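Since the structure comes first, as structure tokens, the remarks are kept for the end.
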Amino acid sequence: MRDFPALRAALEESVAELGRLDVVVANAGMTTARRTWEIGLDDWNTTLDINLTGAFHTVKAAIPLMLEQATGGAVVFTSSVAWLKGLPMLGDYVAAKHGVTGLAKTLANELAEHRIRVNSVHPHEVNTKLVPGIRNLLDAHPEVSSFYQATLPDEVSEPEDIAAAVAWTASDEARHITGIQLPVDLDRTNR
């Protein structure tokens, strides 16, 4: 996602082989776990480069292909509930995911006339490589644990839970839905 020419080339090769591009999913995430003013400049830039610029690279490469096809389609961004809650200790991640959500909302308005729907899915805590870092953060800073608690019984979502939400928003079942931010967060944003 950080290498735009490589990403564009991979998409063009895929379309040449498969014949078309109907769904684009921009999904990447990384963060540091520090108070905002303690985040190193390189860490800040890396987080924004992967989370936000990578999402932009994805759509910059994909949308011209979709427009050329003139058959509509769907774009789904993986954002985070961090854009709603301002999760402490994740300032770089929160800033990047705010940007991803804004990008998705803008594209929903720009692409609607082309029958390209754009939505974002907002997980909270997913059982990926980021979870141990979040758990370490909570152990080190119990004062912020209330921001991370779920009301549903599961502590974390599985990747398949998020994939199901992404698949639904990209499906024909959601053909009249664009510009939404779908939380898949074990009820964390409802509290």
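A compact table of results
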quantity	calculated
Backbone HN-Hα couplings from phi across the stretch 81-97 [Karplus 6.51/-1.76/1.60, Hz, Gly and Pro as x]	5, 4, 6, 8, 9, x, 4, x, 6, 9, x, 5, 5, 4, 4, 5, 6
Within the accessible area of the chain (1.4 Å probe), percent carbon and sulfur	53
Proximal aspartates and glutamates to Lys129, defined as alpha-carbon separation beneath 19 angstrom and excluding residues fewer than eight positions away on the same chain	Asp43, Asp49, Asp92, Asp139, Asp154, Glu155, Glu158, Glu160, Asp161, Asp185
The chain - accessible surface per residue (Å², probe 1.4 Å)	52
The chain: calculated mean residue ellipticity at 222 nm from DSSP helix runs of at least 4, using -39500 (n - 2.57)	-14500 deg cm²/dmol
Other-chain or far-sequence residues with amide H under 5 Å of Arg117's (modelled H)	Gly73, Ala74, Val75
GNM flexibility winner over the chain from Val94, Val15, Val126 (Cα, springs under 10 Å)	Val15
Estimated translational D of the stretch 1-130 in µm²/s (Stokes, Kirkwood radius over Cα pairs; 4 °C; 1.567 mPa s)	84
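The values are calculated or read from the model by the stated rules, or taken from the named source; none is laboratory data. Note that the coordinates shown come from a computational prediction; the quantities given were computed from them, not determined experimentally. Please note that ligands, DNA and RNA were not included when accessible areas were found on the heavy atoms of the full protein model with its side chains. Shrake-Rupley method; radii C 1.70, N 1.55, O 1.52, S 1.80 Å.
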